[in-house]
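The values are calculated or read from the model by the stated rules, or taken from the named source; none is laboratory data. Predicted model only: the values in this text are computed from it and were never measured. Cβ sites come from the backbone with ideal geometry, for glycine too, and all protein chains shown count toward neighbours.
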Amino acid sequence: MVIGVCTIELRIHGGRSLKEKRRVLRSVKDRIRNRFNVSIAEVGYLDKWQRALLGFVAVSNDRNHVTGLLESVVSAVDSMGVAEIVDDEIEIL
């Protein structure tokens, strides 16, 4: 079994409240979850209005599949244009 973990740090421009931040993150999480079938959680910067740290997890029996899937997730989040990716990291366990 191969487990892939990806974290993406986002900068949300124009966020003036936690409510606006949650709306943007809900949109990102719903789209990614529906398209890629990965588990997603907000794992950092919970009290910051313009920053977020999202964690994504995928499980498979093929290392290349997990790596490609998580790279596609990063690309999809970037192409949404709702937030700027400050940093991303993929770890295969």
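State all residues of region 36-71 that are farther than 20 Å from Glu89 by Cα and not hydrophobic (A, V, I, L, M, F, W, C); if no residue qualifies, say none. I'd like the intermediate steps shown before the answer.
Just the residues of region 36-71 that are farther than 20 Å from Glu89 by Cα, to begin with: 47-49, 61.
Hits for region 36-71 are Asp47, Lys48, Asn61.
Can you name the number of the only condition in (1) touching a strand residue (DSSP E or B) at 6+ places or on another chain (Cβ under 8 Å); (2) in contact (Cβ under 8 Å) with a residue 24 or more places away in the chain that Ser72 fails?
(1)
Please go through (1) without any contact (Cβ under 8 Å) to a residue 60 or more places away in the chain; (2) more than 9 Å from the chain's Cα centre (by Cα) for Leu53 and return the number of the only condition it doesn't satisfy.
Tallying (1) without any contact (Cβ under 8 Å) to a residue 60 or more places away in the chain; (2) more than 9 Å from the chain's Cα centre (by Cα), Leu53 fails exactly one: (2).
Do we have any residue at all in region 35-50 that's part of a strand (DSSP E or B), surrounded by fewer than 16 Cβ atoms within 10 Å (Cβ to Cβ) and aliphatic (A, V, I, L, M)?
Yes, there is a match, as at least one residue in region 35-50 is part of a strand (DSSP E or B), surrounded by fewer than 16 Cβ atoms within 10 Å (Cβ to Cβ) and aliphatic (A, V, I, L, M).
May I ask you to list the residues in region 51-93 that are out of contact with any helix residue (DSSP H, G or I) (no Cβ under 8 Å at 6 or more places or on another chain), surrounded by 14 or more Cβ atoms within 10 Å (Cβ to Cβ), charged (D, E, K, R) and in a strand (DSSP E or B)?
Of everything in region 51-93, just one residue is out of contact with any helix residue (DSSP H, G or I) (no Cβ under 8 Å at 6 or more places or on another chain), surrounded by 14 or more Cβ atoms within 10 Å (Cβ to Cβ), charged (D, E, K, R) and in a strand (DSSP E or B), namely Arg51.
Restricting attention to region 1-35, report how many residues are within 17 Å of Glu89 (Cβ to Cβ) and of a type in the set (Lys, Arg).
1
Given the criteria β-branched (Val, Ile, Thr) and modelled with pLDDT of 95 or more, does Val24 qualify? Step through it out loud before you land on a result.
Values: β-branched (Val, Ile, Thr): yes; modelled with pLDDT of 95 or more: no.
The answer is no for Val24.
Can you list residue pairs whose Cβ atoms sit under 6 Å apart, with the first residue in region 15-39 being more than 11 Å from Phe56 (Cβ to Cβ) and the second being of a type in the set (A, V, I, L, M) and not in a helix (DSSP H, G or I)? Count only pairs 6 or more apart in sequence or on different chains.
Listed by first residue and then by second, the contacts come to Lys21/Ile12; Val24/Ile12; Val24/Val82; Leu25/Ala52.
Which pairs do you get when a residue that is closer than 10 Å to Gly4 by Cα and in contact (Cβ under 8 Å) with a residue 12 or more places away in the chain, found in region 78-93, comes within reach of a residue that is outside any strand (DSSP E or B) and of a type in the set (A, V, I, L, M, F, W, C), reach meaning Cβ atoms under 8 angstrom, with the pair 6+ apart or on two chains?
Pairs found: Ile90/Leu70; Ile90/Val74; Ile92/Val66.
Output the residues belonging to region 14-28 that are assigned to a helix (DSSP H, G or I) and either out of contact with any helix residue (DSSP H, G or I) (no Cβ under 7 Å at 6 or more places or on another chain) or not aliphatic (A, V, I, L, M) (or both).
Of everything in region 14-28, those that are assigned to a helix (DSSP H, G or I) and either out of contact with any helix residue (DSSP H, G or I) (no Cβ under 7 Å at 6 or more places or on another chain) or not aliphatic (A, V, I, L, M) (or both) turn out to be Leu18, Lys19, Glu20, Lys21, Arg22, Arg23, Val24, Leu25, Arg26, Ser27.
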